[in-house]
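Undergrad: Pasting in a structure now, in structure tokens, and then I'll have a few things to ask.
Coordinate-derived values only; no laboratory data. No experiment lies behind these values; they were computed from the predicted model shown. All Cβ positions, glycine included, derive from the backbone under ideal geometry; neighbour counts span all protein chains shown.
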Amino acid sequence: MKLPTFTVLEIKKSFKRLSKSESKLLKEQFKEAFCDTNSGAYIDYKRETGYMLWDCMIGGPIAMTSDQINTNPPFTGDVYVFWDASEENKEFHLLGRDYIHKMTFKEFMNNYYSFPQETYIFNEEFKHAIVLSHEHFHENLHNLCLYTSAEKDNWYKFC
């Protein structure tokens, strides 16, 4: 069963889109906190389309159910959301890759099935990130993975 996803128009109407420059700055901070920016996977991500930021993330993942996340939410208040959607829909792909969208964590959790795979969620503290992944961990986990920011020399890398 295919779950519903947002259209470009629905995202533009429903959530605040940050400016391109603000989005770029937040994404750089996200990458510094949660990615191995010296890895081959990161170099491939920057150079070519088709690679996912997921491939170079550190500090996780801990696969969780939506119930687990809602019981002990890693965020309160506003979160930032972006994605690496398939390029089958170029406008949708660019909307998530070039811009960050701001919403409450509750809004995200109420709608997370409508976001594409490879959606990244974080807040201004950069302590945790959630990734809505394409990886299939267990049929009841719904592919939500929690990451914690990690020191570069003491981290667990998911391969």
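Undergrad: Would you mind checking the pairs K13/K90; K20/K46; K16/K46 and listing those with alpha carbons more than 20 angstrom apart?
TA: Exceeds cut-off: K16/K46.
Undergrad: Each residue of segment 103-117 in order: what ³J(HN,Hα) in whole Hz does its phi give by Karplus 6.51 cos²θ - 1.76 cosθ + 1.60, θ = phi - 60°, with x for Gly and Pro?
TA: Karplus-based 3J(HN,Hα) across segment 103-117 equals 7, 7, 4, 4, 4, 4, 5, 6, 10, 4, 5, 8, 8, x, 4 Hz.
Undergrad: Among 54-60, 41-47, what's the highest-first ranking by average C-beta atoms within 10 angstrom per residue?
TA: Details: 54-60: 22.3, 41-47: 14.9.
Top to bottom by mean Cβ count within 10 Å: 54-60, 41-47.
Undergrad: Residues with beta-carbon under 12 Å from that of Y120, excluding Y120: net charge, scoring Lys, Arg +1 and Asp, Glu -1? Don't skip to the end; give the middle numbers.
TA: Numbers: positive: K27, K31, R97; negative: D84, E118.
Around Y120, the charge tally is +1.
Undergrad: Once the dipole of segment 16-148 is set up with Lys and Arg at +1 and Asp and Glu at -1 on Cβ about the Cα centre, which of S23, I130, F75 lies farthest towards its positive end?
TA: Sorting the options by dipole projection puts first S23.
Undergrad: Let me ask something additional. P(r) tail for segment 16-148, what percent of Cα pairs lie past 28 Å?
TA: That fraction is 9 percent.
Undergrad: If you place +1 on the Cβ of every Lys and Arg and -1 on the Cβ of every Asp and Glu, how big does the dipole about the Cα centre of segment 16-148 come out, in debye to the nearest 20?
TA: 400 debye
Undergrad: Sort 120-131, 11-22, 92-103 by the packing proxy (mean of other Cβ within 10 Å over each peptide's residues), most packed first.
TA: In decreasing order of mean packing, 120-131, 11-22, 92-103 become 120-131, 92-103, 11-22.
Undergrad: Right, something else. Counting other C-beta atoms within 10 Å, which of T119, T71 has the fewest, and how do the rest follow?
TA: T71, T119
Undergrad: On a full-extension model of 0.36 nm per residue, what is the gain between D98 and E10, subtracting their alpha-carbon distance, rounded to one decimal in nm? Walk me through the numbers on the way to the answer.
TA: On the way: separation 88, 0.36 × 88 = 31.68 nm, distance 1.70 nm.
Full extension of this stretch gives 30.0 nm more.
Undergrad: Enumerate the amide H contacts of H128 below 5 Å, restricted to partners 5 or more residues apart or on another chain; note that Pro and chain-start residues carry no placed amide H.
TA: Under 5 Å from the amide H of H128 lie the amide H atoms of N123, S149, each far enough along the sequence or on another chain.
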